[in-house]
1. Please determine whether any residue of the range 198-208 is open to solvent by 50 Å² or more (accessible area, probe 1.4 Å), outside any helix (DSSP H, G or I) and either at pLDDT 85 or above or within 20 Å of Ala45 (Cβ to Cβ) (or both).
2. Restrict the check to the range 67-86 and report whether at least one residue is free of Cβ contacts under 8 Å to residues at least 40 places away in the same chain, among the aromatic types (Phe, Trp, Tyr) and either in a helix (DSSP H, G or I) or within 16 Å of Asn221 (Cα to Cα) (or both).
3. Does Arg132 satisfy the condition of being at pLDDT 90 or above, surrounded by 13 or more Cβ atoms within 10 Å (Cβ to Cβ) and assigned to a helix (DSSP H, G or I)?
4. Take Asp474 and tell me if it is in contact (Cβ under 8 Å) with a residue 60 or more places away in the chain and among the charged types (D, E, K, R).
5. Failed condition for Gln321, given (1) closer than 25 Å to Lys435 by Cα; (2) open to solvent by 30 Å² or more (accessible area, probe 1.4 Å), with all others met?
6. Looking at the range 1-39, which of its residues are under 21 Å from Ile150 (Cβ atoms), part of a helix (DSSP H, G or I) and over 20 Å from the mean Cα position of the chain (by Cα)?
Amino acid sequence: GNKIIFGEGLISTLGEQHKKQRKMLNPVFSLANMRVLLPIIQPIADKLRDLLTSQVQESGQSKEIDVLPWMTRGTLEYISQAGLGYSFNALQATKTHPYTEALKSLAPTALGIIMLRPLIPVAIRNFSLHWRNKLIDWLPIKGLKKMREIVRVMDRSSRQIFQEKKDALDKNAADAGETPVEGDVGARLLGKDIMSILLNANTASDDADRLTEAEILGQMNTIIFAGFETTTTAICRILYIIASSSEVQARLRSELKKARLAYKAAQGLPEEQRWEDVQLSYDALMALPYLDAVVRETLRVHPPTSLLSRVARQSTTLPLQYPVRAASGAHASSVAVPEGTTVIISILAANHNKDVWGEDASVWKPERWLTASGERIRFSHELDGALGENQEFEGEGTPGSKTGVKYPGVYASMMTFLGGGRACIGFKFAEMEIKQVVTALISTLHFSLPSDDKEIYWKINGLQVPVVRPPSGDGVTPAVPLDVRLVRESDF
């Protein structure tokens with residue numbers, strides 16, 4: 001199913017092909033690349049902030065704004081520019097692009113036909129593409145027809161963008177003084193966007209390691225989809241949480257102001273530059289203790305994706321940390337997993353496991369990631385791939401490592417970004433994006449829950465989807481309405 005939608009990208013390839021692709025992509029998402037990429041794409045978050053600020057300034061007071069569509073637009077622009085070196089002009093309300101419209105419809109459409117997913121391998125094995133299309137035409141299932149159109153639009157658009165990107169790199173259009181095609185921002189990004197780095201690395205690789213054009217196209221769709229809805233959901237959840245707690249919001253804003261003023265002084269920036277406009281370096285942004293704690297705790301307690309499934313490619317035995325009682329009444333310390341078994345992984349259950357996180361595992365408590373003095377609890381690189389290799393592990397008491405029991409997650413021992421060879425390869429980028437957007441917004445804007453008693457409820461539909469409960473909303477349409485106003489001196 002994934003290969004039909006995304007092509008031959010990381011999300012759908014297996015075995016040696018997957019290992020080859022991951023080997024090629026790992027350096028692309030390195031900390032070194034994140035450091036270079038952040039200042040180039042920071043203007044996107046600032047533009048998002050300015051757009052929301054202009055709406056509030058027009059009203060002169062607090063104004064209710066549904067932040068979900070704005071965060072969606074911002075995330076799309078962020079990942080498209082940083083990932084592809086291409087702009088869909090998502091922050092311009094008057095402009096639309098077929099690819100982004102298809103992308104927005106992908107998850108809800110797929111969810112609507114999820115019961116058909118087990119039949120996809122059967123259809124692929126027994127019917128040619130021609131007859132599969134005929135089946136979709138004949139079957140009275142609107143969701144299938146819509147999904148086919150979404151896939152066609154994504155494939156057509158990604159091929160066009162890829163060709164434009166390839167031509168720009170081959171001809172070096174910017175240096176030659178030629179006019180770049182509409183949407184291409186490669187010249188401004190200085191070739192540091194993820195796709196440019198991948199294309200250059202691929203060209204320099206040996207024939208055995210080189211990715212095919214189909215594989216590169218697959219990476220394009222995978223990068224955009226993987227970094228779109230989940231990141232949007234995470235940012236909206238953080239905004240909802242700080243809107244629910246003025247104390248958390250004030251502490252975040254005070255930490256940010258202090259850090260930006262210190263950075264301004266250290267860098268010798270002009271005295272007249274407002275602290276709100278100071279851009280922190282990647283390392284300075286990542287090192288903000290309370291911001292880091294808020295982001296980590298939100299991603300732990302409220303993972304954007306609640307569960308995933310995996311299929312065992314060979315028979316194995318799954319050892320259990322804690323024995324369970326089998327149907328026969330006997331205790332079992334392992335479970336046999338035959339080849340072809342579908343294994344459901346509950347990210348939510350893992351992140352709320354009291355045996356690992358403590359009795360308050362389901363409580364949102366960012367302080368669990370801080371020392372008594374308010375500093376970040378340090379991890380080893382093995383426990384948290386988001387950190388540098390020279391950081392030390394402080395041992396017992398580290399969140400997610402109670403009495404030596406921990407999950408193999410790549411991000412702070414939680415399972416939000418999974419673990420192992422199929423863990424989310426772009427989690428460093430996602431963390432950077434979330435932190436940059438949140439800091440850009442709270443420097444100028446204050447958020448609070450709607451004043452008219454609208455209740456925002458987060459439905460778990462694979463992804464966590466925010467809706468407004470009746471009677472204020474329909475309980476179906478995604479929305480995060482918050483009261484927004486300009487920041488005051490009392491908000492610190």
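The values are calculated or read from the model by the stated rules, or taken from the named source; none is laboratory data. These figures come from a predicted structure and were not determined experimentally. Every residue, glycine among them, receives a Cβ derived from its backbone with ideal geometry; neighbour counts consider all protein chains shown. Accessible surface areas use protein heavy atoms only, side chains included; no ligands, DNA or RNA. Shrake-Rupley method; radii C 1.70, N 1.55, O 1.52, S 1.80 Å.
1. Going residue by residue through the range 198-208, those that are open to solvent by 50 Å² or more (accessible area, probe 1.4 Å) are 200, 203-204, 206-208.
When the remaining residues are screened for being outside any helix (DSSP H, G or I), the result is 204, 206-208.
Cutting the leftovers down to either at pLDDT 85 or above or within 20 Å of Ala45 (Cβ to Cβ) (or both) gives us none.
Checked against the condition, which is being open to solvent by 50 Å² or more (accessible area, probe 1.4 Å), outside any helix (DSSP H, G or I) and either at pLDDT 85 or above or within 20 Å of Ala45 (Cβ to Cβ) (or both), the range 198-208 yields no hits at all.
2. Yes; the residues of the range 67-86 include at least one that is free of Cβ contacts under 8 Å to residues at least 40 places away in the same chain, among the aromatic types (Phe, Trp, Tyr) and either in a helix (DSSP H, G or I) or within 16 Å of Asn221 (Cα to Cα) (or both).
3. no
4. Considered against the rule, which asks whether it is in contact (Cβ under 8 Å) with a residue 60 or more places away in the chain and among the charged types (D, E, K, R), Asp474 comes out as no.
5. So the condition that Gln321 fails would be (1).
6. Lys3, Ile4
Table: residues versus (1) open to solvent by 50 Å² or more (accessible area, probe 1.4 Å); (2) on the phi > 0 side of the Ramachandran plot; (3) modelled with pLDDT under 90.
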| site | (1), (2), (3) |
| --- | --- |
| Met34 | no, no, no |
| Thr53 | no, no, no |
| Glu58 | yes, no, yes |
| Gly85 | no, yes, yes |
| Thr94 | yes, no, yes |
| Ala107 | no, no, yes |
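Rundown of residues vs (1) farther than 26 Å from Asn351 by Cβ; (2) open to solvent by less than 30 Å² (accessible area, probe 1.4 Å), yes/no style:
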residue	(1), (2)
Asp452	yes, no
Ile460	no, no
Gly475	no, yes
Asp483	yes, yes
